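Heads up: the structure comes next, in structure tokens.
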Amino acid sequence: MSVRPKKHLGQHFLKDENIAQKIADTLSLNGYKNVLEIGPGMGVLTKYLLSKNEFTTHVIEVDKESIEYLKSNYIKLAPRIIEKDFLNCDLTTIFQENQFAIIGNFPYNISTQIVFKTLENRTLIPEFSGMFQKEVAQRICQKEGSKVYGILSVLVQAFYDAEYLFSVPPNVFSPPPKVESGVLRLTRKENFDLPCDEKLFFKVVKTGFQQRRKTLRNSLKTLNLSDNLREDVIFDKRPEQLSVKEFIDLSILIQEDIKKQ
């Protein structure tokens, strides 16, 4: 029995054992005893996770056919198969507030949403490792000054250190995707509390990049900033020129400005 890849679930099953082993080995094993694999499919990555004794592997899968396959072929894993949609799952209920890592060969159609869900639950997730469409993985890890540096880069790197690890060609998947893939690792920063209002920070980053070719003086007009603040030299820059720290500093300036109004 094998599982038929389903287009509507964005399934591209990894069939290269060496790459599966390589992805499993990206975990540092620091600060957690549980690992959650998203979308295990037929378990090519799962088997290498199960071979490691340093942590307990759980998987979360929405595809009924994959669930049946895993239950038949990985009998000991069966009690730790979570039959839910990761994006709609309350992650605090899985490990009772204990720290856990996330890993997976992520469906590309929801990979960005998986990252945002991880950011929302960052107090529980010290490490995150997995496969994305190559350009998305590169964007997440990119630094300021690059054309692909954007909202995802800044929001992820505010809380995690992001490393692009290696690229993966299409022919190691069934069916092969039309794009190259890339594996990255996110390691949560020791201090991942922002020194500014978090909602404001997210708003500043998203609003800034919505008109990325304009200077911040123009793109942040909707925030109703005082004329005095808008004279600051930081507003001469475009969003892609600002580092994560500068976005945090900018958010602090705006926060103070709002208080004075």
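Examine the range 160-171 for a residue that is surrounded by 14 or more Cβ atoms within 10 Å (Cβ to Cβ) and either of a type in the set (Lys, Arg) or assigned to a loop (DSSP other than H, G, I, E, B) (or both), and state whether such a residue exists.
No - not one qualifying residue is present in the range 160-171.
For LYS178, indicate whether it is over 11 Å from the mean Cα position of the chain (by Cα) and assigned by TED's automatic domain parsing to the domain that holds PHE55.
Considered against the rule, which asks whether it is over 11 Å from the mean Cα position of the chain (by Cα) and assigned by TED's automatic domain parsing to the domain that holds PHE55, LYS178 comes out as yes.
Identify all residues within the range 102-139 that are outside any helix (DSSP H, G or I), touching a Gly at 6+ places or on another chain (Cβ under 8 Å) and among the aromatic types (Phe, Trp, Tyr); write none if there are none.
Answer for the range 102-139, where residues must be outside any helix (DSSP H, G or I), touching a Gly at 6+ places or on another chain (Cβ under 8 Å) and among the aromatic types (Phe, Trp, Tyr): PHE106, PHE132.
How many residues does the range 210-226 hold that are touching a residue at least 40 places away in the same chain (Cβ under 8 Å) and farther than 14 Å from LEU242 by Cα?
Summing the residues that are touching a residue at least 40 places away in the same chain (Cβ under 8 Å) and farther than 14 Å from LEU242 by Cα in the range 210-226 gives 0.
So, in the range 30-68, how many residues would count as being part of a loop (DSSP other than H, G, I, E, B) and either out of contact with any strand residue (DSSP E or B) (no Cβ under 8 Å at 6 or more places or on another chain) or surrounded by 17 or more Cβ atoms within 10 Å (Cβ to Cβ) (or both)?
Of the residues in the range 30-68, 15 are part of a loop (DSSP other than H, G, I, E, B) and either out of contact with any strand residue (DSSP E or B) (no Cβ under 8 Å at 6 or more places or on another chain) or surrounded by 17 or more Cβ atoms within 10 Å (Cβ to Cβ) (or both).
Tell me which helices (runs of 4 or more DSSP H) are completely within the range 184-238 and hold 3 or more residues being within 28 Å of the chain's Cα centre (by Cα) and outside the structural domain of LEU29 (by TED's automatic domain parsing), or say none if there are none.
Output list reads 198-210.
The values are calculated or read from the model by the stated rules, or taken from the named source; none is laboratory data. Everything numeric here is computed off the predicted structure, so don't read it as measured data. Cβ coordinates were reconstructed from backbone atoms using ideal geometry, including for glycine residues, and neighbour counts include every protein chain displayed.
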